[in-house]
Amino acid sequence: RGLGQTESAVAEYRKVLEADPDYPEYRLELGNLLRALGQDDEALSEYEAAIRLSPPFAEAYYNRADIRAALGDVDGAVADYRYVVELAPDTVDAYINLASALEEACDAQAASAAVDDGLAVAPGNAHLLCIRGQLDLAARRFEPAKAVLEAAITSDPELPEAWATRGILAYETGDLADALVSL
């Protein structure tokens, strides 16, 4: 795959799986390759096979959650991300994606709890701070939103979501000059 030969790598993994169809790591890698090719339904099937064939390991659930989220299965993605943080509590990206999925599902309380849990693992994480700012903005808690968005931007000045959320906050509070700067 690293050599740009993803399609031939898929063919090779399929051959290997013909000989040993119950090897979960091959299923996981094939799923990753299929995902890289944009074949999400097939990748999902491979991740599910890997999960079925092996003891629980976070990567398979995380990858399945990403596909579920991309396909609009928010409940399935939330369940998988929750399981990932149970299996591997130091997986910061799982907290970020869990909080985002919960925010998308309009469960601000659970999203806030996921942000808190993630910040306990990775204090100052810009993505988690940005989600906190989005939650505060949605709840019209403007001052806490402004403070946490400033912290997110300080942590990662290149994070577009933080700048965009800051711009929306500035617009909502009537600070049109800052909205223009942020956006």
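The values are calculated or read from the model by the stated rules, or taken from the named source; none is laboratory data. What you see is a predicted model, and the numbers here were worked out from it, not measured in a lab. Methodologically, a virtual Cβ is constructed for each residue, glycine included, from the backbone with ideal geometry; neighbour enumeration extends over all protein chains shown. Side chains are part of the model used for accessible areas, which takes the heavy atoms of the whole protein and leaves out ligands, DNA and RNA. Shrake-Rupley method; radii C 1.70, N 1.55, O 1.52, S 1.80 Å.
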- Task: In whole angstrom, note down how far apart the Cα centers of the range 110-151 and the range 31-93 are.
- Result: 25 Å
- Note on the structure: One point scatterer per Cα, no solvent, Debye formula: log10 I(q)/I(0) for the range 112-183 at q = 0.11, 0.12, 0.17, 0.28 Å⁻¹ comes out as -0.23, -0.27, -0.53, -1.26
- Task: Using a Förster distance of 22 angstrom, determine the FRET efficiency expected from the C-beta separation of T6 and A70, and round it to 0.05.
- Result: 0.75
- Task: Go through the range 70-81 residue by residue and turn each phi into a ³J(HN,Hα) via Karplus (6.51, -1.76, 1.60, θ = phi - 60°); whole Hz please, and just put x for glycine and proline.
- Result: 5, 8, x, 8, 5, 4, x, 5, 4, 4, 5, 4
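Taking 8 Å as the Cα distance limit and 6 or more residues as the minimum spacing, I'd like the relative contact order of the range 120-183 as a percentage.
It rounds to 30 percent for the range 120-183.
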- Message: Can you compute the modelled spin-label distance between Q109 and K15, with each label point 7 Å from Cα toward Cβ, in nm?
- Response: 5.6 nm
- Portion, in percent, of the accessible area of the chain that falls on carbon or sulfur, probe 1.4 Å: 51 percent
- Relative contact order (%) - the chain, alpha-carbon pairs under 8 angstrom, separation at least six: 10 percent
- Per principal axis, largest first, the Cα atoms of the range 62-164 extend in Å by 35, 25, 22
- Query: Sorted by average packing, counted as other Cβ atoms within 10 angstrom per residue and highest first, what order do 118-128, 94-104 take?
  - Reply: 94-104, 118-128
- Query: Tell me, what is the per residue accessible area of the chain in Å², probe radius 1.4 Å?
  - Reply: 53 Å²
- Taking only the alpha carbons of the chain, the radius of gyration and the largest Cα-Cα distance, Dmax, both in angstrom, are 19.4, 65
- Message: Give me a comma-separated list of calculated 3J(HN,Hα) values for the range 118-126, in order, Karplus coefficients 6.51, -1.76, 1.60 applied at θ = phi - 60°, integers in Hz, x for any Gly or Pro.
- Response: x, 5, 5, 7, 9, x, x, 4, 4
- What nm distance separates the two modelled labels at F142 and L53, each placed 7 Å from Cα along Cα→Cβ? 5.7 nm
- Just subtract the alpha-carbon distance of A36 and T154 from 0.36 nm times their residue separation and send over the number in nm, one decimal. 39.2 nm
